[in-house]
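Here's a structure for you.
The values are calculated or read from the model by the stated rules, or taken from the named source; none is laboratory data. Fair warning: this is a prediction, and the values are worked out from it, not measured in the lab. Please note: Cβ atoms are built from the backbone with ideal geometry, for glycine as well, and neighbour counts cover all protein chains shown. With ligands, DNA and RNA removed, areas are computed over all heavy atoms of the protein, side chains included. Shrake-Rupley method; radii C 1.70, N 1.55, O 1.52, S 1.80 Å.
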Amino acid sequence: MKTKSYEIDMCNGPLTGKLLKFAVPLMLSGILQLLFNAADIVVVGHFAGHQALAAVGSTGSLINLLVNVFIGLSIGTNVLVANYTGAHQEKAVSETVHTSILLSLLCGTFLIFFGIILAKPLLSLMGTPDDVISQATLYIQIYFVGMPATMLYNFGAAVLRATGDTQRPLYFLFAAGIINVVLNLIFVICFHMGVAGVATATVISQCVSALLVLRCLLHETGCFKLYLNKLHIHKDKLVQMIRIGLPAGMQGAIFSISNVLIQSSINSFGSVAMAGSTASSNLEGFVYTSMNAFYQACLSFTSQNLGANKKERINKILITCEILVFFVGLIMGNVAYFFGDRLLHIYSSDPEVIRFGLMRMQVICTVYFLCGMMDVLVGSLRGLNYSIIPMIVSIVGVCGLRILWIFTIFQWHRSLFILYLSYPVTWLGTAVAHLICFIIIRKKLDERKHYELGN
């Protein structure tokens, strides 16, 4: 089995301390991942101009659109490994690990060609301005060369998270993050490579984090150990991963479609508005990834307790995670907005860019906790092996309403404030819908348990 110092016993004892022990390294890991992109944006913003800043920033929603389906499959890995760990099914854990790692490499290889071919046509469909599109295309094409490494890291880290190990992925990302920042400065300032330099630095850093995760799994013991000669797609495990992970990935992809539409609407206000939105969005990302750690915690803890047949702990897990994510989102989001002027200066010294950035932060950051609370509910539902229901609710509640907003209310009053207002409105409505679904599902689980006890 895994080294004991990295494990968390998710099925016994008090929850709050263990959830924080799980979530805090994951928060820091997410922040370090964001620093990859933040370093790109800061360097190009100061040394390559606002057009390069807009080019790098405008690619985020498109990159997410192309990769989210595959990243979603890693959620299937997390849930399966956690379930089997809680149920002490070591053979099933091993088969899931080997299936996941091989699948990650296959998905990453496919994405290289997929991203390179579709980059420019999709950027054109988004209405990317002529003064930005060539640099944005170059950034995406180089970025996608590193997709096998990105997939390998995400699937490997999902295996570790399922058992409570969020510490070592943090160490790996810290090493990769330092490499990324140093290479950004060298490639852009010394070699004047512009967006090509920051993309290349990101790819190299992703390869480093992937190799460290791979080395970790190769040196594991017991059912978590990876044997390269045993890499094999176990059909039953693949089917279960797809059943759980594909709806999550599809949800992420459809989320990205709505975000692409919003990005296209932002593009219509010009490259300065794009740059301001890019800087603000990057700052929001630090709040979001901190909240997302509690989504991951809720997912893993719920999955293990379900596997261990300790369903009485599931409500406590959800309530504790909701309380924690509320305070983290409320404090971090409002602190980010309060210091927004100074923080946005990190990305650009252009006063118009800062003005546009603050406009976005005022609407989104101050109530960002709503998004975190919505996501924690999704994590609980997926941990209960219900993945299609939250997908449908999220598609209708967030994506559908957001797209409807763009084509109705935004068209009636074309302003960035009205456009950004679509975010909190859809978070609140969708969170309520997810809560109703959770109550119904928990009631069914309790009824099933009483029926089993009665027989």
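Would you mind getting me the FRET efficiency between residue 91 and residue 425? Use the beta-carbon distance for r and R0 = 56 Å, nearest 0.05.
Efficiency for this residue pair is about 0.75.
In whole percent, and with a 1.4 Å probe on the protein chains, what portion of the accessible area of the chain is carbon and sulfur?
70 percent
Counting only the heavy atoms of the protein chains, how much of residue 347 is accessible to a 1.4 Å probe, in Å² to the nearest 10?
10 Å²
Can you put 342, 414 in order of accessible area, largest first, using a 1.4 Å probe?
342, 414
So for the chain, taking the charge dipole from beta-carbon charges (+1 Lys/Arg, -1 Asp/Glu), which of 132, 34, 351 sits furthest toward the positive end?
34
Evaluate E = 1/(1 + (r/R0)^6) for residue 342 and residue 404, where r is the Cβ-Cβ distance and R0 equals 25 Å; express this FRET efficiency to the nearest 0.05.
Efficiency computed from Cβ-Cβ geometry: 0.10.
Shifting gears a bit: Keeping every protein chain present and rolling a 1.4 Å probe, give me the accessible area per residue for the chain in Å².
Here the residues of the chain average 39 Å² of exposed surface.
Here is a further query. Report the one residue of 374, 14, 428 whose Cα lies farthest in the direction of the positive end of the charge dipole of the chain (charges on C-beta: Lys and Arg +1, Asp and Glu -1; origin at the Cα centre).
14
Give me the extension gain from residue 366 to residue 412: residue separation times 0.36 nm, minus the current Cα-Cα distance, reported in nm with one decimal.
Extra length from residue 366 to residue 412 when fully extended: 14.1 nm.
List the cysteines of the chain that have no other Cys Cβ closer than 4.7 Å: which are they?
Lone cysteines by the Cβ rule: 11, 107, 190, 207, 216, 223, 365, 371, 399, 437.
How large is the charge dipole for the chain, taken about the Cα centre, if only the Cβ atoms of Lys, Arg (+1) and Asp, Glu (-1) carry charge, to the nearest 20 debye?
Value, rounded to 20: 1100 debye.
Mind checking which of 113, 79, 308 is farthest towards the positive end of the chain's charge dipole, using Cβ charges of +1 (Lys, Arg) and -1 (Asp, Glu) about the Cα centre?
Value computed over the given set: 308.
In percent, how large is the relative contact order of the chain, given Cα pairs closer than 8 Å and 6 or more residues apart?
Relative contact order here is 23 percent.
Let me ask you something else. Could you rank the peptides 196-204, 218-226, 9-17, 89-97 by their average count of other C-beta atoms within 10 Å per residue, with the highest value first?
Per-residue Cβ counts within 10 Å, averaged per peptide and sorted highest first, yield 196-204, 89-97, 218-226, 9-17.
Treating the beta-carbon of each Lys and Arg as +1 and of each Asp and Glu as -1, no other charges, what is the dipole magnitude of the range 321-455 about its Cα centre, to the nearest 20 debye?
240 debye
Indicate the gyration tensor shape class of the range 316-455 (rounded, prolate or oblate), computed on the Cα atoms with a ≥ b ≥ c the square roots of the eigenvalues: a/c under 1.5 is rounded; otherwise a/b larger than b/c is prolate and the rest oblate. Mind dumping the intermediate values first?
On the way: a/c = 4.04, a/b = 1.92, b/c = 2.10.
Taking the square roots of the gyration eigenvalues as a ≥ b ≥ c, the range 316-455 is oblate.
Can you compute the FRET efficiency between residue 232 and residue 12 using 1/(1 + (r/R0)^6), with r the Cβ-Cβ distance and R0 = 45 Å? Round to the nearest 0.05. Don't jump to the answer; show the numbers that get you there.
Values: r = 34 Å, r/R0 = 0.75.
For R0 = 45 Å, the calculated efficiency reads 0.85.
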